[in-house]
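**Student:** One structure follows; several queries about it will come next.
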Amino acid sequence: MDRCVVLVDAGYLLGAAASLLAGEPARSRITVEHTALIQGLRELAEKDTERPLLRIYWFDGAPDRVPQPEHRRLRVMPRVTVRLGALTRSDGRWAQKGVDAAMHAELTELARNRACSDVVLVTGDGDLLPGLMSAKEHGVAVHLWAVQAADGDYNQSEDLVAEADERRVLDRAWITTAVRARELTGVCAPQPAPRPEIAAILSAPLPESALAAAQPQGAVTAENARNGSRPAAAAGPATAPAGVKGVPTPKDLAGLRAPGSQPPQHPATATLRWSSDKGWIERPGAGALGEPAETASLPTLAQLTSAEQRWADREEDITTVGGDPFEVGQVFARRWMERLPESGHVQKLSTMYPRIPHRIDGELLRYAARFGLLAHKDDQIDEHDRYAIRAGFWREIDVRAAAEHAPAGE
């Protein structure tokens, strides 16, 4: 068949691009515009081979082969097929398993079935040499593409170069049309708009009662272990030992208040309710339904969603939502606000910042779990991802609340 196929080793392409642009092969050091990258690969392949594109195969690794946000974006693009191998960590480094074997199998199968006349290989791994030779024996022209190497290093197998029919180097000018170096900021996600009330909470010392009742640093009760929180004494900026993270847990926030402010209105035995991706948990000190009265009137997204909307949501999740934690929080908040029967619910929720009511926040985390954000060993969402999910949620809430308070005509 007079068509071309592109096989991309994503680990090689993006790792070499990171070395070229950021000085090290870590893919976290670059930002990729996948739509532009795929379009660039397609146009260049059709130009070099003078054949229409059949398909681009994107080979990459992922923990437990669970698609990551970038894989979700890629697999719904036209003429793109994603094939995932395993991503394992050894000696502090991530390594792909099964990607080369999958590329070899796909290459030989395409050639054997005469599915294309030309194959473009974007890889540097010499393990693909037998597959390349087999494709040539079946009458397929093999085009080998390399990424310009950083500092003059050679990043492609010489055996592959010698055996390929045609070769091209993707230079810096071509790479930077879709890839750019990322500035390291140390922030896992964009932060919500500044809130002075939470700044006061974070800067306040722990109350003496909380310090007196605090457990020893190493002790963790069953309740703390179940909720993922630390003893209260570990949270206060003025009393925390060196090395303790600066962001307090929800349980820590429950015992804090700004200097000079009024004591909390809830009973002393009440526990600050925070979400759990494990579902509903009854807590002492709450109302008859196990929830504080001020949040009991807030409906969940499930209660606001019809069957037709549920189908549309799933369609959007599959085709357009990439699965970035911050983006997931934004999408959830947007849907919740759009379906509220009255706008007063948004204002009520906004006053609860940074606490999200248990039912809504648990639903938010379960929604996020659909996008492969669960840590593959602990079956829980990573702590940094949880903060990013909630930051995205609050960003949408803040934008909506600000818009409702803006004077007419602005």
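The values are calculated or read from the model by the stated rules, or taken from the named source; none is laboratory data. On a predicted model such as this, the values are computed, not experimentally measured, just so you know. Please note: Cβ atoms are built from the backbone with ideal geometry, for glycine as well, and neighbour counts cover all protein chains shown.
**Student:** Restricting the range 337-388 to residues that are modelled with pLDDT under 80, out of contact with any Leu (no Cβ under 8 Å at 6 or more places or on another chain) and among the charged types (D, E, K, R), which is farthest from Leu301 (Cα to Cα)?
**Tutor:** By that ranking, first place goes to Lys377.
**Student:** Looking at (1) closer than 16 Å to Leu144 by Cα; (2) in contact (Cβ under 8 Å) with a residue 24 or more places away in the chain, find the lone condition where Lys47 falls short.
**Tutor:** Exception for Lys47: condition (2).
**Student:** Please verify whether the range 58-77 includes one or more residues that are within 19 Å of Ala164 (Cβ to Cβ) and in contact with a strand residue (DSSP E or B) (Cβ under 6 Å, 6 or more places away or on another chain).
**Tutor:** yes
**Student:** Name the pairs whose Cβ atoms lie under 7 Å apart, with the first residue in the range 303-326 and not assigned by TED's automatic domain parsing to the domain that holds Arg370, the second of a type in the set (D, E, K, R) and surrounded by 11 or more Cβ atoms within 10 Å (Cβ to Cβ), and 6 or more positions between them or separate chains?
**Tutor:** Once the first residue is not assigned by TED's automatic domain parsing to the domain that holds Arg370 and sits in the range 303-326, no partner that is of a type in the set (D, E, K, R) and surrounded by 11 or more Cβ atoms within 10 Å (Cβ to Cβ) comes close enough.
**Student:** I need a count of the residues in the range 317-330 that are in a helix (DSSP H, G or I) and touching a Lys or Arg at 6+ places or on another chain (Cβ under 9 Å). Reasoning before the result, please.
**Tutor:** Going residue by residue through the range 317-330, those that are in a helix (DSSP H, G or I) are 317-319, 325-330.
Within this subset, residues satisfying the condition of being touching a Lys or Arg at 6+ places or on another chain (Cβ under 9 Å) are 317-318, 325-326, 328-330.
The number of residues fulfilling the criteria is 7.
**Student:** State yes or no: is Leu74 modelled with pLDDT of 95 or more, under 32 Å from the mean Cα position of the chain (by Cα), closer than 29 Å to Gly372 by Cβ and not in a strand (DSSP E or B)?
**Tutor:** The answer is no for Leu74.
Here's the yes/no breakdown for (1) surrounded by 22 or more Cβ atoms within 10 Å (Cβ to Cβ); (2) modelled with pLDDT under 90; (3) acidic (Asp, Glu); (4) outside the structural domain of His104 (by TED's automatic domain parsing):
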{"site": "Thr31", "(1), (2), (3), (4)": "no, no, no, no"}
{"site": "Thr35", "(1), (2), (3), (4)": "no, no, no, no"}
{"site": "Arg42", "(1), (2), (3), (4)": "no, no, no, no"}
{"site": "Leu53", "(1), (2), (3), (4)": "no, no, no, no"}
{"site": "Phe59", "(1), (2), (3), (4)": "yes, no, no, no"}
{"site": "Asp64", "(1), (2), (3), (4)": "no, yes, yes, no"}
{"site": "Val80", "(1), (2), (3), (4)": "no, no, no, no"}
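**Student:** Quick one: Leu144 ticks every box in (1) within 18 Å of Leu14 (Cβ to Cβ); (2) assigned to a helix (DSSP H, G or I); (3) of a type outside the set (Gly, Ala, Ser) bar one, so which box is it?
**Tutor:** Every listed condition holds for Leu144 apart from (2).
One line per residue, one yes/no per condition, for (1) modelled with pLDDT of 90 or more; (2) part of a strand (DSSP E or B); (3) touching a strand residue (DSSP E or B) at 6+ places or on another chain (Cβ under 8 Å); (4) assigned by TED's automatic domain parsing to the domain that holds Leu13:
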residue	(1), (2), (3), (4)
Asp151	no, no, no, yes
Asp159	yes, no, no, yes
Ala162	yes, no, no, yes
Trp174	yes, no, no, yes
Cys188	no, no, no, no
Leu202	no, no, no, no
Leu206	no, no, no, no
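**Student:** Something else about it: Based on this model, can you work out whether Trp145 counts as modelled with pLDDT of 95 or more, farther than 17 Å from Asp100 by Cα, assigned by TED's automatic domain parsing to the domain that holds Ala16 and of a type outside the set (Lys, Arg)?
**Tutor:** Spelling it out, it is not the case that Trp145 is modelled with pLDDT of 95 or more, farther than 17 Å from Asp100 by Cα, assigned by TED's automatic domain parsing to the domain that holds Ala16 and of a type outside the set (Lys, Arg).
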